[in-house]
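The values are calculated or read from the model by the stated rules, or taken from the named source; none is laboratory data. This structure is a prediction, so every number in the text was calculated from the model and none was measured. Cβ sites come from the backbone with ideal geometry, for glycine too, and all protein chains shown count toward neighbours.
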Amino acid sequence: MRLDGIHHITAITADAQANVDFYAGTLGLRLVKKTVNQDDPTVYHLFYADEHGSAGSDLTFFEYPGAGSGRAGEGMVHLVTWRVASEDALEFWARRLRGAGVAIEHEERSVRFADPEGLAHELVIDRTGDEPLIAERPEIPAELALRGFDGVRAYGGDPDRSRDLLELALGFTARNGGFEVRGERRGATYEYDAAPSERGLQGAGTVHHVAWASTLEEHETWRERALEAGAQATPVIDRFYFRSVYFREPSGVLFEIATLGPGFAIDEDPARLGESISLPPPLEPRRAQIERGLTPLRNPRAPTAGAPGGKG
């Protein structure tokens with residue numbers, strides 16, 4: 001059994017429209033699912049990914065309008081790392097981000113920047129040979145586009161506390177002072193940095209959790225392994241688009257193990273992903289009430305803006 005790298009990463013935003021403008025506009029990702037937080041259906045849950053909504057490229061956001069700015073601290077992911085194909089791609093993104101008014105740090109083999117709310121990202125040249133997970137955007141050539149996640153970095157005061165859970169229960173391997181997990185199709189890294197002195201604060205611009213990818217068949221076994229290693233894992237939760245188990249690893253980072261399927265096309269035409277509000281069946285009877293509470297969003301990929309339930 002091997003987890004197939006990162007399934008998705010979920011963060012927090014205070015402004016859904018500005019979030020769409022940056023991730024679907026500036027970064028060229030596809031808004032593949034426009035839904036609500038199933039534990040709090042009064043707020044958006046937005047999913048950005050490659051053209052097909054593939055696990056391994058899926059960055060998601062809960063919107064809490066007016067939420068204060070967060071601050072990454074011990075037990076929190078502080079950096080999301082993406083793959084690009086080449087040094088030419090790094091140059092392309094350095095120019096594109098600067099042109100959008102985004103401050104960057106451009107080094108020989110990486111570009112670092114933050115989104116408008118302070119969530120930190122890094123672009124690195126892909127050396128893995130994994131399938132590139134690319135969204136289509138006319139002004140971003142495929143050979144220069146983002147290619148999915150490479151990994152995440154977290155703040156941890158004592159990473160050795162997490163070693164047994166990561167290596168023995170979850171199948172991670174030690175790599176260059178951090179960890180890597182690799183399945184049949186994909187891999188991803190999980191690395192630690194020394195925690196800052198300031199206490200972390202969950203809020204806009206911070207990562208809520210990182211999810212690792214499991215097959216449907218092995219999902220329950222991964223939960224059992226986490227429990228046996230001492231993690232306080234939740235029961236399996238049916239999220240409609242995938243199934244989830246949550247627990248905190250010993251350094252404090254909230255982990256999810258999410259299944260590779262059924263996927264985002266279970267309730268939408270693949271060609272129209274993200275154009276309408278999607279609700280899992282238990283929330284469908286509340287659609288009118290839910291949509292009244294959501295602000296219409298303009299989607300850079302849609303020809304026109306529209307109401308929450310239509311294009312936009």
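Things to note:
- Considering (1) buried (at least 23 other Cβ atoms within 10 Å of the Cβ); (2) under 21 Å from PRO116 (Cα atoms); (3) in contact with a Lys or Arg (Cβ under 8 Å, 6 or more places away or on another chain), the lone condition that GLY53 does not fulfil carries the number (2).
- From the options VAL20, VAL36, residue that is buried (at least 21 other Cβ atoms within 10 Å of the Cβ) and closer than 20 Å to GLU136 by Cβ: VAL20
Yes/no per residue for (1) at pLDDT 95 or above; (2) loosely packed, with under 14 Cβ neighbours inside 10 Å; (3) farther than 26 Å from TRP212 by Cβ:
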{"site": "GLY75", "(1), (2), (3)": "yes, no, no"}
{"site": "PHE92", "(1), (2), (3)": "yes, no, yes"}
{"site": "GLU105", "(1), (2), (3)": "yes, yes, yes"}
{"site": "ALA114", "(1), (2), (3)": "yes, no, no"}
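- Qualifying residue in segment 246-253 (condition: within 28 Å of SER69 (Cβ to Cβ), of a type in the set (Gly, Ala, Ser) and more than 16 Å from the chain's Cα centre (by Cα)): yes
- Among residues of segment 67-90 that are outside any loop (DSSP other than H, G, I, E, B), those with a Cβ under 8 angstrom from a residue that is polar (S, T, N, Q), sequence gap 6+ or separate chain, pair up as ARG71/THR206; THR81/THR189; ARG83/THR128; LEU90/SER110.
- Matching residues in segment 249-281 - criterion: being more than 24 Å from VAL20 (Cβ to Cβ) and free of Cβ contacts under 8 Å to residues at least 24 places away in the same chain: PRO262
- Residue pairs whose Cβ atoms lie under 7 Å apart, sitting 6 or more positions apart in sequence or on different chains, and linking a residue in segment 214-229 that is touching a residue at least 24 places away in the same chain (Cβ under 8 Å) to a partner that is part of a helix (DSSP H, G or I), are SER214/TRP222; ARG225/ALA169; ALA226/ALA169; GLU228/ALA169; ALA229/ASP164; ALA229/LEU165; ALA229/LEU168; ALA229/ALA169.
- No other residue among THR42, THR13 is over 18 Å from PHE149 (Cβ atoms), buried (at least 20 other Cβ atoms within 10 Å of the Cβ), of a type outside the set (Asp, Glu) and out of contact with any Leu (no Cβ under 7 Å at 6 or more places or on another chain) apart from THR13.
- Any hit, segment 31-48, residues being of a type in the set (Val, Ile, Thr), in a strand (DSSP E or B) and in contact with a helix residue (DSSP H, G or I) (Cβ under 7 Å, 6 or more places away or on another chain): yes
- Residue selected from segment 167-207 under the condition touching a helix residue (DSSP H, G or I) at 6+ places or on another chain (Cβ under 6 Å) and either assigned to a loop (DSSP other than H, G, I, E, B) or not small (Gly, Ala, Ser) (or both), by the criterion surrounded by the fewest Cβ atoms within 10 Å (Cβ to Cβ): TYR192
- Residues in segment 116-137 that are of a type in the set (Gly, Ala, Ser) and assigned to a loop (DSSP other than H, G, I, E, B) were compared, and the one that is surrounded by the most Cβ atoms within 10 Å (Cβ to Cβ) is ALA135.
- Looking only at residues in segment 59-73 that are touching a helix residue (DSSP H, G or I) at 6+ places or on another chain (Cβ under 9 Å) and surrounded by 21 or more Cβ atoms within 10 Å (Cβ to Cβ), the one that is farthest from GLY5 (Cα to Cα) is GLU63.
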